[in-house]
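Read the structure below first, then the notes.
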Amino acid sequence: MDVKPELVENARAGGASLDRLIEIVWPEAYRIALSVLHDRPLAEDVAQDACVAMARSLPTLKDAGHFAAWSYKIIVRAAIATARRRPRTHLLDEVADRGETFDPSDGLDLSDAMAALPVLQRAVVLLHYYAGLKNVDIATATGLPASTVRFHLMLARRALRKALSSREASKQSPSKEINSHA
């Protein structure tokens, strides 16, 4: 998220600068919330709530240069809190609810593998790879120690690697026919 510190400083005064700041932040807030929640209407609500929280809390931000990390913290915490309040549903149930058919031979794609991760691991992966945050900034955003962030990132990588490698293995292994003429 590329927000100039001058815009943040001007937004503290309110008015058009605050509106412009929210215009810049909202799409990113929505993408992160959607990636964590996998529910468009809920992600819209979370993104909107996060933007309102940012607007209200903007005077408490000490350094405008840290706006991106500060805003990710608000967005991710709102998405995680919402995800934790939701009843946990199985990925296959969500696919069935959308009217799609699930064929296990299709394997998983990256979004399915991400959706299968626990919410906290999904958030850590998104902040690391999508937002490009360092572990220290992810720790600030999630409220976890940096060592715990590294641990969750390691677990998520393992789970993703396993899910995606099993998909590739199933695609590459040809079906073996039994030769009855031997």
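The values are calculated or read from the model by the stated rules, or taken from the named source; none is laboratory data. Because the structure is a prediction, the values reported are computed rather than measured. Note that each Cβ is placed from the backbone with ideal geometry, even for glycine, and that neighbours are counted across all protein chains shown.
To keep it simple, each residue is scored yes or no on (1) touching an Asp or Glu at 6+ places or on another chain (Cβ under 9 Å); (2) surrounded by fewer than 21 Cβ atoms within 10 Å (Cβ to Cβ).
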{"residue": "Ala47", "(1), (2)": "yes, no"}
{"residue": "Met54", "(1), (2)": "no, no"}
{"residue": "Lys62", "(1), (2)": "no, yes"}
{"residue": "Phe67", "(1), (2)": "no, no"}
{"residue": "Tyr72", "(1), (2)": "yes, no"}
{"residue": "Ala79", "(1), (2)": "no, no"}
{"residue": "Arg84", "(1), (2)": "no, yes"}
If you go through region 103-120 one residue at a time, do you hit one that is surrounded by 12 or more Cβ atoms within 10 Å (Cβ to Cβ), over 17 Å from Val46 (Cβ atoms) and modelled with pLDDT of 90 or more?
yes
Note on region 135-158: residues surrounded by 18 or more Cβ atoms within 10 Å (Cβ to Cβ) and of a type in the set (Gly, Ala, Ser) are Ala139, Ala141, Ala156
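Okay, residues lined up against (1) over 14 Å from the mean Cα position of the chain (by Cα); (2) farther than 21 Å from Val136 by Cβ; (3) modelled with pLDDT under 95:
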residue	(1), (2), (3)
Pro5	yes, no, yes
Glu9	yes, yes, yes
Glu28	no, no, yes
Glu44	no, yes, no
Lys62	yes, no, yes
Ala81	no, yes, yes
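State yes or no: is Pro174 more than 30 Å from Cys51 (Cβ to Cβ), at pLDDT below 90 and not aromatic (Phe, Trp, Tyr)?
Criteria met by Pro174.
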